[in-house]
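Below is one structure, written out as structure tokens, with a few remarks after it.
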2 protein chains.
Amino acid sequence: MGPIRAMLADVGITEQQWRVLRVLDEGGAMEPTRIAEEACLLLPSLTRILQKLEERGLIARHRDPGDKRKQIVEIAPTGAEVIARNLGTSVALNDAVRDRLGAERYETLLDLLNELASKDGVAARAQDV
Amino acid sequence: MGPIRAMLADVGITEQQWRVLRVLDEGGAMEPTRIAEEACLLLPSLTRILQKLEERGLIARHRDPGDKRKQIVEIAPTGAEVIARNLGTSVALNDAVRDRLGAERYETLLDLLNELASKDGVAARAQDV
DNA sequence: TTCATTTAGTAAACATGTTAATTACAAAAG
DNA sequence: CTTTTGTAATTAACATGTTTACTAAATGAA
């Protein structure tokens with residue numbers, strides 16, 4: 001098991017759930033469509049993830065008063081706690097990966113992946129690193 | 001749907017099934033553990049994939065006479081047909097991706113991904129491109 | 001206004017990802 | 001020889017990936 005997943009397994013959440021919580025923690029309340037884009041998830045996957053995060057009380061949702069199709073998702077205090085308690089370790093693990101490759105080559109890799117991601121029909125994403 | 005998956009959807013197989021067939025077509029008969037490594041799949045996933053490919057008659061399996069724990073998987077004529085009829089398109093689509101990025105930068109990307117893949121705890125693989 | 005179209009989100013169905021447990025067999029240790 | 005340890009593959013359980021279909025609501029044009 002990867003070190004990141006091992007850390008999250010202790011908390012009882014998955015990598016994808018962690019990404020959703022981080023997006024909400026950093027970007028504030030937003031609608032699912034935007035969460036999906038930021039976290040590199042398809043909407044059907046996100047639907048299930050949000051259901052589970054809501055059951056656990058890690059997020060809260062309510063309909064958008066202006067557009068009743070939309071909803072607004074925000075991180076709950078419990079969810080913010082999870083982020084606060086693990087963000088340091090997460091960043092350290094990510095830095096370790098970057099250092100193993102070297103800062104310059106790491107940036108090159110992210111650039112190439114993002115360029116591929118910006119074109120149609122390509123599945124690569126910088127988040128895969 | 002990505003162009004590769006679109007092509008395979010016409011044939012009725014998935015990307016992973018396609019990878020397994022290609023590995024067997026190029027590398028000849030081999031045991032599941034080696035297939036998994038070549039196709040970047042975990043054994044539990046491969047177990048299910050082989051079951052489906054066998055049901056459709058695209059592969060054939062028999063136990064290894066020397067080591068009864070192992071089995072030997074080989075591509076069936078029907079499976080080889082699938083490869084033969086689609087390999088050209090597959091290669092052309094892959095070349096298109098390489099050309100969009102440029103040959104040199106494409107090689108750089110593969111090198112960086114393979115270097116990451118060679119280290120523990122990193123999930124990136126060149127096959128993701 | 002009315003109807004066609006688009007957008008946001010969900011549901012369903014099937015395939016794979018991922019981890020833990022299990023079976024069967026092989027190999028090494030005692 | 002037999003007990004232990006390791007290996008190959010499968011199974012189970014749960015989460016996500018992926019496509020298609022569907023509902024509800026907003027938009028836009030006639």
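The values are calculated or read from the model by the stated rules, or taken from the named source; none is laboratory data. Not measured: the values here are computed from a predicted model. Don't worry about glycine lacking a Cβ; one is built from the backbone with ideal geometry, like all the others, and counts go over all protein chains shown. Side chains included, ligands, DNA and RNA excluded: accessible areas come from the protein's heavy atoms. Shrake-Rupley method; radii C 1.70, N 1.55, O 1.52, S 1.80 Å.
In sequence order, region A:68-77 has phi-based couplings of 6, 6, 7, 9, 10, 10, 9, 6, 8, x Hz under the Karplus curve 6.51 cos²θ - 1.76 cosθ + 1.60, θ = phi - 60°, and Gly or Pro positions carry x. For the protein assembly as shown, the number of Lys pairs separated by eight or more positions or lying on different chains, with C-alpha atoms closer than 28 Å, is 6. Across A:GLU74, A:GLU104, A:GLU37, mean-square fluctuation computed from a Gaussian network of chain A (C-alpha pairs under 10 Å connected) peaks at A:GLU104. Based on Cα atoms of the protein assembly as shown, Rg over Rh with Rh as the Kirkwood radius reads 1.02.
For the Cα atoms of chain A, what angle does the longest principal axis make with the long axis of helix A:15-27, in degrees from 0 to 90, nearest 10? Between the helix axis and the principal axis of chain A, the angle is about 70 degrees. For the protein assembly as shown, carbon and sulfur atoms together expose 48% of the accessible surface, with a 1.4 angstrom probe and every protein chain in place.
Ordering A:ALA36, A:LEU113, A:GLY88 by Cα displacement along the dipole of chain A toward the positive end leaves A:ALA36 in first place; charges were set at the Cβ atoms of Lys, Arg (+1) and Asp, Glu (-1). Taken about its Cα centre, chain B carries a charge dipole of about 460 debye when Lys and Arg each add +1 at the Cβ and Asp and Glu each add -1 at the Cβ. With a 1.4 angstrom probe, the accessible area lost at the A-B interface totals about 1700 Å².
When you filter the trypsin sites (Lys or Arg not before Pro) in region B:56-95 for DSSP loop state and at most 12 other Cβ atoms inside 10 Å of their Cβ, you are left with B:LYS68, B:ARG69. Using Cβ point charges alone (K and R +1, D and E -1), the dipole size of the protein assembly as shown about the Cα centre works out to roughly 900 debye.
For region B:44-109, the solvent-accessible area of protein heavy atoms averages 63 Å² per residue (probe radius 1.4 Å; ligands and nucleic acids excluded). Only protein heavy atoms count here; under a 1.4 Å probe, B:ASP10 has an accessible surface of about 140 Å². The residues packed around A:ILE72, meaning those with a beta-carbon under 11 Å from its beta-carbon, carry a net charge of 0 if Lys and Arg are +1 and Asp and Glu are -1.
Under the criterion of Cα pairs below 8 Å and six or more residues apart, the relative contact order for region B:3-100 equals 27 percent.
Taking Cα centre as origin and charging only the Cβ of basic (Lys, Arg, +1) and acidic (Asp, Glu, -1) residues, the dipole magnitude of region B:44-102 rounds to 260 debye.
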